[in-house]
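Data block below; observations after.
Just so it is clear, none of the values below were taken in a lab; they were calculated from the coordinates. Computed from a predicted model, the values in this text were never measured in an experiment. Cβ placement follows ideal geometry from the backbone for every residue including glycine, while neighbour counts extend to all protein chains displayed.
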Amino acid sequence: MDLWNYLEYAAWGASALFGLFIVLNWIKTDSTYSEEFLTSSREGELEALTEEQHHRG
Amino acid sequence: MAQAQQTEHVGLARVLGPAHVWALGVGIVLVGEYMGWNFSVGKGGAYAALMACWFAGILYTCVAMIDSEVTSTVAAAGGQYTQAKHIVGPLMAFNVGLYLVFAYTMLEAANAITFGFLVDTVATMSGHSGLDQRPFIILAIMFLAWLNYRGVLATLTFNLVITAIAFTAVIVLFLATSGVVGVSPLRHAELMSGAAAMPYGWLGVLAAMHFGLWYYLGIEGTTQAAEEVRSPARSLPFGTLAGVMTLAIAATLTWYVCSGLMPWEYLGQAGVPLFDAARLSGSTFLMVFLGIGTMFATLASANGCINDASRAWFAMARDRYLPGWFGAVHPKYRTPYRSIIFLVPIALIFALGAPIDQVITFSILSGLLEYTFMPLNIILFRRKWPLETIKRGYEHPFHPLPAFALLALCGMAFFAVFLGYGTQLVAMIAFYIVVSLWFHFWRYRFVNRGAQFTMPWPKPKGY
């Protein structure tokens, strides 16, 4: 066992940690918020709002 | 939760500036200067590689100009997919969206493979043999996916730092070897004369075009940041055009240094030519600096690819071109988190199970199909919405000359690819025809037809 063997194990471990964080946060997010809210993003929202304000102004 | 839901909707965060756009575009591409471009030397010699570098430079300047004009008016995620949707039509948009996702996911996989190879090279140089590359390949993908998941500002600030270091390494190598500081070890006259000048004649120049694309492949990815930049009309043209200029400089310097240090027969098949050039310079500092630059360029490219592929997938899902489930935005991090997660296993499968040349060819071909769509896109855009009808953040000059030049250069590049990878080209076109039929006869019924056109544009001319 030399340094590179330890680095291999460290890389496996770090990969698992990053993956675990993503999966746990994903589950938590999906169970906390409603599907309607999570998928509420619409294209061009800001532009439409700016245009609306421009017309009002 | 309650506070967040009071706002009733959640979208991507507008937090980026022009420097992030530059970092996204150049970050994806700069790895092409560190490796890959040199196969063009193998196809036709050093002069052919330089001609390919500049022809490809013209092609990508046209791409950057056309993209900058259209994107400065379409400030939405999805880049060319969204442009195609608004300007050409749903079937073209579906295809362009897939080109984008495949081009970037395959490039991400190729970068991860390269990262594993680089770690193995360092291990071998330090006396260790038989390193298992897999944990390092997986770590690269998982770390960058985590970074992308956590927010776009940190992701692209990270890209800005590592891309700037990788670019600086190229400049330092040039300054150290060109004779500006000290004696130059470059031997252009000796290495590029006689039979070595143009070993395969003009056909070699044409064949070199295939790999000449590597100097710039991916710069068009800047448009994916459109929904997350604070000032799209200003930042996107500025970041994209500054990016293509940076790459033209980096490409020319890279060619100059490498072709002056290595004979074309070696350079044409080298795995990491800039790193090799640094080793040949005899300076340990340069060797370490360029080694770090190679690794950073690889990570920056993979990082940008995750960002871009996930935005394209997200935008398609938001319009229901794909299942709407993928169109979710993380309420805290404001990222398209489900699209990021979905593409991770796909990248891992290709990174661990496919040969790198096939992965890269699939990426290049998807990119080429995307560039072929751009001339059509800009011609229709100018015709349907002339300059006086929509205010652009940038108006590209000499229209329609760049569009026709781009079309001609794409034709040349397709022929060059056909010479080396004809079977893959035909197989991929067949794949896109099959998925187009699936979209037309099945998927299109689910598309959110009314809600997908939300830009406050006037009606097209003649409507």
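Descriptive notes on the structure:
- Assigned charges on the beta-carbon of Lys, Arg, Asp, Glu; segment B:62-211 dipole about Cα centre (debye): 120 debye
- The alpha carbons of segment B:15-446 occupy a box of 63, 46, 41 Å along the principal axes, longest dimension given first.
- For segment B:205-258, diffusion coefficient by Stokes-Einstein and Kirkwood Rh (Cα), 4 °C, 1.567 mPa s, µm²/s: 102 µm²/s
- Mean Kyte hydropathy of 0.0 or more with a Cα span along the axis of at least 15 Å, helices from DSSP in chain B: B:18-29, B:39-71, B:90-125, B:134-150, B:152-177, B:201-212, B:232-261, B:284-318, B:337-353, B:356-384, B:401-441
- Per-selection Kirkwood Rh - segment B:254-386 (Cα, Å, 1 d.p.): 18.6 Å
- Ranked for footprinting exposure by Cβ neighbours inside 10 Å, fewest first, B:Glu388, B:Glu69 give B:Glu388, B:Glu69.
- Arranged from fewest to most other beta-carbon atoms within 10 Å of their beta carbon, B:Asp67, B:Asp319, B:Asp120 become B:Asp120, B:Asp319, B:Asp67.
- Taking each DSSP H run with n ≥ 4 as -39500 (n - 2.57) and averaging over every residue of chain B yields -23500 deg cm²/dmol at 222 nm.
- Other residues within the sphere of radius under 10 Å centred on the Cβ of B:Met374, judged by their own Cβ, net out at -3 (K and R +1, D and E -1).
- Note on segment B:376-463: semi-axes of the ellipsoid equivalent to its C-alpha gyration tensor, largest first and rounded to whole Å, are 31, 25, 9.
- Each distinct pair of alpha carbons in segment B:54-137 adds a 1/r term; the inverse of their mean, the Kirkwood radius, is 15.9 Å.
- In a simple Cβ point-charge model (Lys, Arg +1; Asp, Glu -1; nothing else charged), the protein assembly as shown has a dipole of about 1120 debye relative to its Cα centre.
- Once Rg and the Kirkwood radius are both taken over the C-alpha atoms of the protein assembly as shown, their ratio Rg/Rh works out to 0.97.
- In terms of overall dimensions, segment B:261-311 has a Cα radius of gyration and Dmax of 14.1, 44 angstrom.
- Selected from B:Val329, B:Ile171, B:Val272, residue furthest toward positive end of dipole (the protein assembly as shown; charges at beta carbon): B:Val329
- Summing charges over all other residues whose Cβ lies under 15 Å from the Cβ of B:Phe362, with Lys and Arg as +1 and Asp and Glu as -1, gives -3.
- Mean separation of Cα contacts under 8 Å, 6 or more apart, over the residue count of segment B:15-446: relative contact order %: 36 percent
- Ordering B:Gly182, B:Ile349, B:Trp37 by Cα displacement along the dipole of chain B toward the positive end leaves B:Ile349 in first place; charges were set at the Cβ atoms of Lys, Arg (+1) and Asp, Glu (-1).
- The Cβ shell under 11 Å around B:Phe136 holds other residues with a net charge of -2, Lys and Arg each +1, Asp and Glu each -1.
- For A:Lys28, the lysines whose Cα falls under 18 Å of its own Cα, not counting residues fewer than eight places away in the same chain, are B:Lys332.
- In a simple Cβ point-charge model (Lys, Arg +1; Asp, Glu -1; nothing else charged), chain B has a dipole of about 1480 debye relative to its Cα centre.
- Taking 30 Å as the straight-line reach from the Cα of B:Lys384, the lysines in range (excluding those fewer than 8 positions away in the same chain) are B:Lys85, B:Lys459, B:Lys461.
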